[in-house]
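Undergrad: Structure below; questions to follow.
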Amino acid sequence: EPEVTQTPSHQVTQMGQEVILRCVPISNHLYFYWYRQILGQKVEFLVSFYNNEISEKSEIFDDQFSVERPDGSNFTLKIRSTKLEDSAMYFCASSPHRTGSGQPQHFGDGTRLSIL
Amino acid sequence: DQQVKQNSPSLSVQEGRISILNCDYTNSMFDYFLWYKKYPAEGPTFLISISSIKDKNEDGRFTVFLNKSAKHLSLHIVPSQPGDSAVYFCAASAFKAAGNKLTFGGGTRVLVKP
């Protein structure tokens with residue numbers, strides 16, 4: 001069964017450094033998402049992306065964050081200057097169409113980001 | 001953000017018995033509800049969903065019930081198996097919302113005892 005793949009599985013970065021998290025969504029999917037889960041907290045929406053532009057972003061997704069689909073397969077999340085509070089599990093998800101009846105979002109296994 | 005709430009952080013059930021997981025929501029715009037299962041070190045895996053035009057959806061051992069007037073949904077797993085031990089997340093979305101994001105509950109950790 002096709003799956004969403006994320007790399008790396010664990011990223012350790014010094015505070016203030018830039019980090020890029022990578023995702024390969026399922027190949028025929030058109031909608032892409034990033035979520036994060038801080039330890040012990042809920043899974044939170046960060047951003048959704050369709051047709052090469054951001055559809056919606058949360059309050060968390062400030063100017064330090066950006067997303068890109070540089071080619072036909074990768075979907076990346078960049079954090080320009082990391083902060084301690086960015087430490088979390090970051091999940092990429094994709095769906096073939098808008099999330100609705102019969103069109104769930106499929107998630108990758110996540111990248112654990114640790115900021116020192 | 002308490003728009004989706006799972007009030008039971010954990011549930012313990014005997015193998016072969018029914019597991020019932022509950023979820024409440026407050027946003028009337030939500031029209032699609034999903035249940036995900038999550039094992040440690042893995043991402044959420046889609047289990048089952050229900051549209052707001054239905055009140056029940058069944059897939060094998062999993063059934064989701066939706067009570068729109070009460071803004072409540074539940075997931076029934078019967079019979080429960082040891083492999084069902086995981087964290088279960090309820091999530092909701094609004095089809096007409098621009099970004100189509102999922103709003104998650106806090107999760108319920110299920111332990112199925114053999």
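The values are calculated or read from the model by the stated rules, or taken from the named source; none is laboratory data. Everything quoted here is computed from the prediction, not taken from an experiment. Cβ: placed from backbone, ideal geometry, glycine included. Neighbour counts: every protein chain shown.
Undergrad: Looking only at the stretch A:48-69, filter to residues that are hydrophobic (A, V, I, L, M, F, W, C) and assigned to a loop (DSSP other than H, G, I, E, B); which one of those is farthest from the chain's Cα centre (by Cα)?
TA: Out of the qualifying residues, it is A:Ile60.
Undergrad: What are the pairs with Cβ atoms under 7 angstrom where one residue, in the stretch A:54-78, is touching a residue at least 60 places away in the same chain (Cβ under 8 Å) and the other, located anywhere, is assigned to a loop (DSSP other than H, G, I, E, B) and of a type outside the set (Gly, Ala, Ser)? Sequence gap at least six, or different chains.
TA: Close Cβ pairs satisfying both conditions: A:Lys78/A:Glu18.
Undergrad: Same structure, new question: Restricting attention to the stretch A:97-113, and to residues there that are within 18 Å of A:Glu56 (Cβ to Cβ) and over 12 Å from the mean Cα position of the chain (by Cα), which single residue is modelled with the highest pLDDT?
TA: Out of the qualifying residues, it is A:Gln105.
Undergrad: Among the residues of the stretch B:57-114, what is the count of those that are farther than 26 Å from A:Gln37 by Cβ, free of Cβ contacts under 8 Å to residues at least 60 places away in the same chain, among the hydrophobic types (A, V, I, L, M, F, W, C) and not in a strand (DSSP E or B)?
TA: 1
Undergrad: Are any residues in the stretch A:1-28 aliphatic (A, V, I, L, M), assigned to a strand (DSSP E or B) and over 16 Å from A:Ala88 (Cα atoms), and if so, which ones?
TA: Scanning the stretch A:1-28 gives a single hit, A:Val24.
Let's see how each residue does on (1) crowded, with 17+ Cβ neighbours inside 10 Å; (2) at pLDDT below 95:
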| position | (1), (2) |
| --- | --- |
| A:Glu1 | no, yes |
| A:Asn52 | no, yes |
| A:Ser66 | no, no |
| A:Ser73 | no, yes |
| A:Ala88 | yes, no |
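Undergrad: If you don't mind, another one. Search the stretch B:40-49 for residues being at pLDDT 95 or above and more than 8 Å from chain A (Cβ to nearest Cβ), and hand back the single one that is surrounded by the fewest Cβ atoms within 10 Å (Cβ to Cβ).
TA: B:Leu47
Undergrad: Looking at the stretch B:9-39 only, could you name the residues that are within 13 Å of another protein chain (Cβ to nearest Cβ), assigned to a strand (DSSP E or B), among the charged types (D, E, K, R) and over 20 Å from B:Pro79 (Cβ atoms)?
TA: Correct list: B:Lys38 only.
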